[in-house]
Amino acid sequence: MRKKALGAILFIAVGSVIFSFIPAGNYFEIAKNLDIFATLFKEVNTYYVDEVDPEELINTGINAMLSSLDPYTNFIPEEDAAEYRTMTTGEYAGIGSLIGKVNGKNVITMPNKGFPADKAGLKIGDELIEVDGINVEKKSISDISKLLKGRANTDVTIKVRRYGIEDPVDFTITRGLIIIDNVPYYGMVDDNSGYIRLSDFTTNATKEVKTALQDLKSQGAENVILDLRGNPGGLLYEAVNVCNIFLSKGLEVVSTKGKVADWNKTYRTLNNAFDVSIPLAVLTNTASASASEIVAGVIQDYDRGIIVGRKTFGKGLVQTTRPLTYNSQLKVTTAKYYTPSGRCIQKLDYSHRQADGSVDTIPDSLKVAFQTSHGRTVYDGGGVLPDIETESEFLAPITISLLQKALLFDYATAYYYENTAPDDVRNFILSDAEYDDFLLWLGKKEYDYKTNVEESIEKLIDNAKKENYYSEIEVQIANLESKVKHNKESDLITFKEQIKSILEENIASRYFLISGEIEASLDNDTDLQAAIKVLDDSNRYRKILNIESE
């Protein structure tokens, strides 16, 4: 009887909530489908051959339903609420370190400077063995993360395996409140240009950017580069306030429009700008999303600065968190956002799925042209297109293989324990002798890869066999294969500079953590160099922004 009553109770409870908020014309369809769902659940729960977990079954149904809408509308059960809060606020209680899988091992990948893990002496490359006596060697990163987090001022014991030490090393670490920096690095990149890396839009993002800019100007910065590459977004009000650093009070930043008209809102700059005239370049790539795109789009719409890099991700959807019963939550897409010119940069059209459930990008023929403040043409429907577009860095197949096998990661760890810290991370360069040492170390490791040409030849052979041409061209293909067959030793020399630069970044991170990794990368950063070049050429800068037409 309890099982049979469960379906009826579910229908009554859900129905009573939904009917309070729906238009009268939808009553019948909603009532019918809720009744079907409740009776179906009751029958499965009663008669399915094995015992089912009601919570798991319902969660599967909820998640499948929401996934048919868009990837950003999610159900957040009570047990995941803390993790979601961390994502949006950047705050949690724990040890303050990133962990990850490296060749099947759970390792420390980046302690945050000044937080408990760093202060206790955990290092990049330490392999996690136990947390509070629980073996974690085969556990998921998510499970280990939950073990490491806890109430502030409580202790957690960690056992790690460290390079060069035979026996495991134990640490007792007192958890603390972790507030993740939105600006992991800023500094001068030449005599005139300051650089700010903004990695998130969580609480205090605006304050950190403003502080960085203020310090850079005191060091003589006459131009500024704001790096939003890889920034996934975050809090809308932080994006608005970051724009306000460079834009005058009272300007429209972004408007949101959705089904609930009362929730539509226009966000404006509320404070006096910090600097409305300093030449500005914003770096973007395909992983710059949401709040990052708001900032890039607004700066572009007002012709306040130049966008350099690659087209952004194309997420023009706004999510709102709604409370549900039993401390669960719904993160639901409630609106689209529009930049001051009137464009929405949403790339995928989730409202018109194909029969197979796939989603298409908005075609160029349906994109609409808009005008910036100075009359430049920009388009909606596909992210923010840079004013100066750069090419993605080409990674050689051998470099990709070394990264995938974590051989560059492992060698950086070995280097750290066998060498003293470089005096100047910005000018740190591996010598030819040190690169030769790396090659000797690498000679004992196993890795392989296929070049792009080799993969093309394999496809040619497959197609030739399918179309019965292979016997006629077999000799020629064999000759071609022998000529292009890759040689590891040769590729390690051919792509030496690329491999060296990534090694240098990895090694710098061992001594100076995330700030060292970023600083070591600056001189080889083609996007950054393109931004510096245009900022140093005031005539070109003004011409791109159409400033002469004022």
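Some observations on this one:
- Pairing residues of the range 519-547 that are closer than 18 Å to R376 by Cβ with residues that are of a type in the set (K, R) and at pLDDT 95 or above, at Cβ distances under 9 Å and at least 6 apart in sequence or on separate chains, gives V534/R540; R540/K533; I544/R376; L545/R304; L545/R376; N546/R376.
- Taken together, K119, K105, K113 contain a single residue that is surrounded by fewer than 19 Cβ atoms within 10 Å (Cβ to Cβ) and in contact with an Asp or Glu (Cβ under 6 Å, 6 or more places away or on another chain), which is K105.
- If you check L235, L283 for being in the same structural domain as A205 (by TED's automatic domain parsing) and modelled with pLDDT of 95 or more, only one passes: L283.
- Output for the range 111-144, where each listed residue is over 19 Å from L513 (Cβ atoms) and either among the polar types (S, T, N, Q) or under 23 Å from the mean Cα position of the chain (by Cα) (or both): N135, S140, I141, S142, D143, I144
- For K42, the stated conditions hold: it is of a type outside the set (A, V, I, L, M, F, W, C), more than 40 Å from the chain's Cα centre (by Cα) and surrounded by 14 or more Cβ atoms within 10 Å (Cβ to Cβ).
Conditions tested, residue by residue: (1) surrounded by fewer than 19 Cβ atoms within 10 Å (Cβ to Cβ); (2) at pLDDT below 95; (3) not in a strand (DSSP E or B).
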position: I173; (1), (2), (3): no, no, no
position: L177; (1), (2), (3): yes, yes, no
position: N182; (1), (2), (3): no, no, yes
position: Y186; (1), (2), (3): no, no, no
position: V209; (1), (2), (3): no, no, yes
position: L213; (1), (2), (3): no, no, yes
position: G220; (1), (2), (3): yes, no, yes
position: V253; (1), (2), (3): no, no, no
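- Residue match in the range 456-474 (condition: out of contact with any strand residue (DSSP E or B) (no Cβ under 8 Å at 6 or more places or on another chain), among the polar types (S, T, N, Q), over 21 Å from L395 (Cα atoms) and in a loop (DSSP other than H, G, I, E, B)): yes
- Taken residue by residue, the range 357-367 has no member that is at pLDDT 95 or above, part of a strand (DSSP E or B) and either assigned by TED's automatic domain parsing to the domain that holds F201 or at negative phi (or both).
- Tallying residues that are touching a Pro at 6+ places or on another chain (Cβ under 6 Å) and of a type outside the set (A, V, I, L, M) within the range 158-173 yields 2.
- Residue match in the range 392-401 (condition: closer than 30 Å to I76 by Cα, at pLDDT 90 or above and not in a strand (DSSP E or B)): no
- Residue within the range 369-382 that is surrounded by fewer than 19 Cβ atoms within 10 Å (Cβ to Cβ), hydroxyl-bearing (S, T, Y), out of contact with any Asp or Glu (no Cβ under 6 Å at 6 or more places or on another chain) and touching a residue at least 60 places away in the same chain (Cβ under 8 Å) present: no
- In the range 267-288 there is at least one residue that is crowded, with 23+ Cβ neighbours inside 10 Å, in a loop (DSSP other than H, G, I, E, B) and out of contact with any Cys (no Cβ under 8 Å at 6 or more places or on another chain).
- Matching option when the condition is touching a residue at least 12 places away in the same chain (Cβ under 8 Å), surrounded by 14 or more Cβ atoms within 10 Å (Cβ to Cβ), among the aromatic types (F, W, Y) and not in a helix (DSSP H, G or I), among Y415, Y411, Y449: Y449
- From the list K315, K331, K311, the one residue that fits, being more than 27 Å from N264 (Cβ to Cβ), modelled with pLDDT of 90 or more and either small (G, A, S) or surrounded by 14 or more Cβ atoms within 10 Å (Cβ to Cβ) (or both), is K311.
- Any chance I388 is at pLDDT 90 or above and within 30 Å of G342 (Cβ to Cβ): yes
- Failed condition for D80, given (1) surrounded by 12 or more Cβ atoms within 10 Å (Cβ to Cβ); (2) modelled with pLDDT of 90 or more: (2)
- Within the range 87-104, the set of residues being modelled with pLDDT of 95 or more and either acidic (D, E) or over 19 Å from the mean Cα position of the chain (by Cα) (or both) comprises I95 only.
- Condition broken by F428, with the remaining ones in (1) among the aromatic types (F, W, Y); (2) surrounded by fewer than 14 Cβ atoms within 10 Å (Cβ to Cβ); (3) out of contact with any Phe, Trp or Tyr (no Cβ under 7 Å at 6 or more places or on another chain) satisfied: (2)
The values are calculated or read from the model by the stated rules, or taken from the named source; none is laboratory data. On a predicted model such as this, the values are computed, not experimentally measured, just so you know. Note that we place each Cβ from the backbone using ideal geometry, even for glycine, and neighbour counts take in every protein chain shown.
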